[in-house]
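Novice: This is the structure, below, for whatever I ask next.
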Amino acid sequence: MRPLFLLVFCAAASAQARTTVAIDVGHFIEEPGATSARGRPELDFNRELAADIESAVRGRGLGTMLIGADGFMSQLARRAAAAADADFFLSVHHDSVQPHFLETWEHDRVERAFSDRYSGFSLFVSRKNAAVKRSLTCASAIGESLRHAGFSPSLYHADPIPGENKPFADRRNGVHYYDNLIVLKTARTPAVLLEAGVIVNRDEELKVQSEETRKRIAAAVAQGVERCLTRF
Ligand SMILES: [Zn+2]
């Protein structure tokens, strides 16, 4: 390679390496989030997917930091502080539904709560985040990338019922406003929360738990993140 080309190549590579994505594992051991239709805590789903997203983001040449992976980060504001030097904050979660939609079934001789009513991913941004415009651009890019990979937005968080009412910021790509979500409004960087799938849904729980689907979600998320971060 001629020196000039090498110089240009290195400059481009190092500019991209300086971009760091903070990937936050939603919840912690004492409060592990939702419980799946088969009794698995959301934290376990979040950990596995966050690790796959981290690999996929790194694979695209971006820097990463994983937050809350040990399960001990109980203070939400510390998550934002830990990511202060990052360029983007992505909180990884899996979804449930409002309690009145839950039914019961027996799995492995244990009665469990489930609801097959809804499925799909959703994305949230806060209008109280200092970089709301860029947060929304990134959320839309992630949603678009997930749709192109064959996943569908759940859409039910916009329903006009107690506990939901999260207005659409970008309906087509499954993005809602959720202004008071602490990790989003306290983040000092553009921030997006991903609900990757509905784990109280019996079919979707199995799908998002499979390595194949997880890797497809991770690859799509990484593609969306890279696209939005390099667009500026
Ligand atoms: Zn959660």
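Novice: Only one residue in GLU54, GLU106 is among the acidic types (Asp, Glu), farther than 16 Å from ALA191 by Cβ and free of Cβ contacts under 8 Å to residues at least 24 places away in the same chain, so which one is that?
Specialist: Residue meeting the stated conditions: GLU106.
Novice: Here is a further query. Just to verify a result, which residue in the stretch 1-36, among those that are among the β-branched types (Val, Ile, Thr) and modelled with pLDDT of 50 or more, is farthest from LEU102 (Cα to Cα)?
Specialist: THR19
Novice: From the residues in the stretch 25-63 that are surrounded by fewer than 17 Cβ atoms within 10 Å (Cβ to Cβ) and polar (S, T, N, Q), which one is farthest from the ligand (Cβ to nearest atom)?
Specialist: Among those residues, the one meeting the criterion is SER55.
Novice: Name the residues in the stretch 70-79 that are within 15 Å of the ligand (Cβ to nearest atom), assigned to a loop (DSSP other than H, G, I, E, B) and hydrophobic (A, V, I, L, M, F, W, C), would you?
Specialist: MET73
Novice: Something else: Given the residues ARG171, ARG202, which is the only one that is within 22 Å of GLN98 (Cα to Cα), among the basic types (Lys, Arg) and touching a Phe, Trp or Tyr at 6+ places or on another chain (Cβ under 9 Å)?
Specialist: ARG202
Novice: Name the residues in the stretch 120-134 that are more than 16 Å from the ligand (Cβ to nearest atom) and small (Gly, Ala, Ser), would you?
Specialist: ALA130, ALA131
Novice: Of everything in the stretch 81-114, what is within 16 Å of the ligand (Cβ to nearest atom) and either assigned to a helix (DSSP H, G or I) or among the β-branched types (Val, Ile, Thr) (or both)? Give them in sequence order.
Specialist: VAL92, VAL97, PRO99
Novice: Taking the stretch 183-203 on its own, how many of its residues are outside any loop (DSSP other than H, G, I, E, B) and either more than 16 Å from the ligand (Cβ to nearest atom) or over 14 Å from THR35 (Cβ atoms) (or both)?
Specialist: 13
The values are calculated or read from the model by the stated rules, or taken from the named source; none is laboratory data. These figures come from a predicted structure and were not determined experimentally. All Cβ positions, even for glycine, are placed from backbone atoms using ideal geometry, and neighbour counts span all protein chains on display.
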